[in-house]
Amino acid sequence: MIEESETVMCLVRRMYCNWTGALVLSLVLLLARIVIGYGFYEAGKGKLGDIKKPIAYFTQLNIPFPEANAWFVSYVEYIGGALMIVGFISRPVCAILAIDMIVAYWTADREAVMALLKNQDVTTFAAATPFWFLFASLLVVACGPGWLSVDGIIKVFLPRKKVVAVVPPPLPATQT
């Protein structure tokens, strides 16, 4: 009877550890996607609401084709933020948003980038506006959107591929 209860406890412990780790990660990813995705969404919406401001700002920063880039960035942040919130096509969307934030760092917060590269000043780098947007975007690219997302729901209903193990044939015996 002791052996049976030990195996049941091992099973319960294994299920608890496996489920809680994935569940906690999914909750953290959900929180990051909602907060940062909403920030992207609002930033894009604000730029689209008064497109002249980002065009003037991009012109001031000497960004090539400021009008086209202002429209492009505004839509990337607006649509990308909405997709990030719900967790749909998350990895490609967040990769694009991460590139958007890298460009934002390089053009608008270059001092923060230089402080990190020259003086290893992480505080100045992390205090810049794009930091958390970049961090959350890269987190979703690396970990995926989690179970609590459209991608996670779709993954449940997609058929899984069967993995077939290929075993090499035995080596012929050598005679000595």
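No lab work stands behind these numbers, since they all come straight from the coordinates. Note that the structure is a prediction, hence the values are computed from the model and not measured. Here the Cβ positions follow ideal geometry from the backbone for every residue, glycine too, while neighbour counts run over all protein chains shown.
How long are the three semi-axes of the equivalent ellipsoid for the chain, computed from the Cα gyration tensor as the root of 5 times each eigenvalue, in whole Å, largest first?
Numbers: eigenvalues 395, 100, 73 Å².
Output for the chain: semi-axes of 44, 22, 19 Å.
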Can you give the FRET efficiency for residue 24 and residue 154, using 1/(1 + (r/R0)^6), R0 = 30 Å, r = Cβ-Cβ distance, to the nearest 0.05? 0.90
Of the residues 171, 65, 48, the Cα lying farthest along the dipole of segment 34-176 towards its positive end, which is defined by charges on the beta carbon of Lys, Arg, Asp and Glu, belongs to 171
Cα-based shape type of segment 135-176, given that a ≥ b ≥ c are square roots of the gyration tensor eigenvalues and the cut on a/c is 1.5: oblate
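For segment 106-166, what class follows from the C-alpha gyration tensor (a ≥ b ≥ c being the square roots of its eigenvalues): rounded when a/c is under 1.5, otherwise prolate if a/b is larger than b/c, else oblate?
Prolate shape, in that a/c is at least 1.5 and a/b is the bigger ratio.
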What's the extension gain from residue 102 to residue 127 if we count 0.36 nm per residue and subtract their Cα-Cα distance? 7.5 nm
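Would you work out if segment 56-128 is rounded, prolate or oblate? Take a ≥ b ≥ c from the square roots of the eigenvalues of the alpha-carbon gyration tensor; rounded if a/c is under 1.5, else prolate when a/b is larger than b/c, oblate otherwise.
Working: a/c = 2.98, a/b = 1.29, b/c = 2.31.
Oblate shape, in that a/c is at least 1.5 and b/c is the bigger or equal ratio.
For the chain, give the magnitude of the charge dipole about the Cα centre (Cβ charges: +1 Lys/Arg, -1 Asp/Glu; no others), in debye to the nearest 20.
Values: 14 positive and 12 negative charges, 78 e Å.
Result for the chain is approximately 380 debye, rounded to the nearest 20.
Would you compute, from DSSP H runs of 4+ residues alone, the mean residue ellipticity of the chain at 222 nm, taking -39500 (n - 2.57) per run and dividing by the full residue count, rounded to the nearest 500? Walk me through the numbers on the way to the answer.
Details: 8 runs with 135 residues, N = 176.
Helix contribution divided over all residues of the chain: -25500 deg cm²/dmol.
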Karplus couplings for segment 25-30 from phi (6.51 cos²θ - 1.76 cosθ + 1.60, θ = phi - 60°), rounded to Hz, Gly and Pro as x? 4, 5, 5, 5, 5, 4
Tell me, what ³J(HN,Hα) does each residue in segment 131-147 have, in order and in whole Hz, if you take phi through Karplus 6.51 cos²θ - 1.76 cosθ + 1.60 with θ = phi - 60° and put x for Gly and Pro? 4, 5, 5, 5, 4, 5, 4, 5, 4, 6, 4, 6, 9, x, x, x, 5
Note: probe point = Cα of residue 110 + 7 Å toward Cβ; backbone nitrogen < 11 Å; residues of segment 50-82 passing the test are 61-63
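Which order do the peptides 114-123, 155-164 come out in when sorted by mean C-beta neighbours inside 10 angstrom, highest first? Don't jump to the answer; show the numbers that get you there.
Details: 114-123: 12.0, 155-164: 6.7.
Top of the packing list down: 114-123, 155-164.
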